[in-house]
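A short worksheet on the structure shown next.
The values are calculated or read from the model by the stated rules, or taken from the named source; none is laboratory data. It should be emphasised that the depicted structure is a prediction, and the values quoted were computed from it without experimental measurement. When we count neighbours, we look across all protein chains shown, and the Cβ atoms used for this are built from the backbone with ideal geometry, even at glycine. Ligands, DNA and RNA are stripped out before the accessible areas are found, and what is left, the full protein with its side chains, is counted by its heavy atoms. Shrake-Rupley method; radii C 1.70, N 1.55, O 1.52, S 1.80 Å.
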Amino acid sequence: TARRDEGVEALGDAEALLREAVRLAAEDPVQIARLVDLLMARARVDREKAPELRTEAKDLLERVIKGDRRTADAHLLMATVLREEGGDPERASWMLKKARKLTERAHERNDRIDLEFALLALMRGEIDEAEKEIRELGQKDPSNHRVFAALAQLLEARQLFIPAHAEYLRARERTSANSLERQQYEYELARLQAII
């Protein structure tokens, strides 16, 4: 995780270290979740390799979920992969409910689960419900770049392209300079700029 935080130039090292950790502890849900999180972040910026990265992520998660049904992070990550690839929203929702059930009430993971539920609602076209949840999360944690990116997606769904662009700018401001997340938001900003 520390190598990943150093930015894009350290990603190769970070991925190699995580793959080695997973090789040494093939059933460890923590190491697998870290590797999957990195694979998914890569898929968001490398559109050419995205399908194979998401397939690998799902395969890893299936293995963890089958081996240990009590791993909340694996269920949350599986819901995210399913949503991001346009998969079955019902299965994604089931995964999120399972993640919620396995998460203590005060755990920070609950905010990530709430955000994922909101994005699923948006995927289903339940825009008002999604907006209410996303705005509440933004008030709760104004430093969370994922919340601003979610709000940008929502505004784009309403065809409010200029406000969506502004929210992606806010999301980008809350990421580190060389991160995959910053690359992702720069892509989205350029894409929206072309529409505007």
Task: Test: L24 is surrounded by fewer than 13 Cβ atoms within 10 Å (Cβ to Cβ) and touching a helix residue (DSSP H, G or I) at 6+ places or on another chain (Cβ under 9 Å) - done: yes
Open item on the list: Would you confirm, using the coordinates I've provided, whether E181 is assigned to a helix (DSSP H, G or I), under 30 Å from V30 (Cβ atoms), open to solvent by less than 40 Å² (accessible area, probe 1.4 Å) and at pLDDT below 95?
Closed with: yes
Task: Test result for R91, charged (D, E, K, R), assigned to a helix (DSSP H, G or I), surrounded by 14 or more Cβ atoms within 10 Å (Cβ to Cβ) and without any contact (Cβ under 8 Å) to a residue 60 or more places away in the chain - done: no
